[in-house]
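Below is one structure, written out as structure tokens, with a few remarks after it.
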Amino acid sequence: MDKGALQWLLRERRALIAPEEYGLSRPSRQGRRAPGLTQSQIDQLLHRTHGTYNRLETGNYPNPPEDLLRDVARLLAFNEHEWSLLWLYTLHRDPPTPLHPRSGTEVRGAWQDVIDGISHIAYITDQSWRVVTYNKAFAEIFPSGRVPTNTMRWMLLAPEAREVLMGWDEHWLPMVLPQLRAAMAALPNDETLAGIEKDVLADPVAGPLYEAGGGSYIHPDGDERPLLHARLGPGWVSLCTAEPLSSPRARLMVMIFRPGEERRHTGPAILRAT
């Protein structure tokens, strides 16, 4: 536990919350000069035992439970960066889920400039694989000329996908199904994903494979797969993924297309310069 950094983070955010916002009065006793909510007021607002928040802020609460961290973060109006810091400072790991429900469904506007500046096929999807934004190179993949609203649904269920994604049942389906399963485990209440899973289970090809439950594949970063480009013909794509840090479970996908029947293996891992 990084006690110094944790104390600074919580004190700074606590100082920004006026007690009057919650119908509380600002203590007037002598020596009380710190702005914002008091530690005991936070216990009161969170319905916690007196001294609970003090233990957390001072770093004397080993292994604080997730519900306490989440309640404190919401009361102190943390953003996703601060939520991650709270976990890193207390438990030395990333939070298991985002703090705010919409964090995985939207990305900051600057990412549009990123997408527009990429010459390779590029797009961003949210936590449910709904397409947030894409570039012209992505739109050119599809014979229909229509970009799917949800790439997970398209890959698993669209007839067009079984033509565009060459070797669909060998190179794509066994890799995509575990991603859906992992997403359902992480977001069991996501209605979009639940709808996709329902339709996959009803599919005569994808359904039995999904029910079998095999595979531990959760992301395509670095993969090479065959693809039939609507304009450039058959080839292979190298898949590269990244996550906008302020949008947990959203993903940036860049697909580097190389025309031709022959697979071109990517090089070794990039190491730091020495």
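The values are calculated or read from the model by the stated rules, or taken from the named source; none is laboratory data. Since this is a predicted model, take the numbers as computed values, not measurements. So basically every Cβ, Gly included, is an ideal-geometry build from the backbone, and we count neighbours across all protein chains shown.
Need at least 2 residues that are modelled with pLDDT of 90 or more and under 22 Å from the mean Cα position of the chain (by Cα) per element, so show me which helices (runs of 4 or more DSSP H) inside region 159-247 make the cut, counting only ones lying wholly within it. Don't jump to the end; show me each part of the working.
On the way: elements: 161-164, 173-186, 191-202, 206-212.
The helices (runs of 4 or more DSSP H) meeting that bar are 173-186, 191-202.
Count of region 170-193 residues, restricted to those that are in contact with a Leu (Cβ under 9 Å, 6 or more places away or on another chain) and without any contact (Cβ under 8 Å) to a residue 24 or more places away in the chain, is 1. Based on this model, can you work out whether residue 62 counts as surrounded by 12 or more Cβ atoms within 10 Å (Cβ to Cβ) and either more than 22 Å from the chain's Cα centre (by Cα) or not basic (Lys, Arg) (or both)? Here the answer is no, as residue 62 does not meet what is asked. Among the candidates 153, 162, the residue that is surrounded by 19 or more Cβ atoms within 10 Å (Cβ to Cβ) and among the charged types (D, E, K, R) is uniquely 153. For residue 45, the criteria (1) more than 20 Å from the chain's Cα centre (by Cα); (2) within 20 Å of residue 4 (Cα to Cα) hold in every case but one, which is (2). For region 94-117, the count of residues that are among the hydrophobic types (A, V, I, L, M, F, W, C), under 21 Å from residue 247 (Cβ atoms), touching a Phe, Trp or Tyr at 6+ places or on another chain (Cβ under 9 Å) and assigned to a helix (DSSP H, G or I) is nonzero.
Cβ-Cβ distances below 7 Å connect the following pairs, each with a first residue in region 238-258 that is without any contact (Cβ under 8 Å) to a residue 40 or more places away in the chain, a second residue that is in a loop (DSSP other than H, G, I, E, B) and of a type in the set (S, T, N, Q), and a separation of six or more residues or different chains: 238/266.
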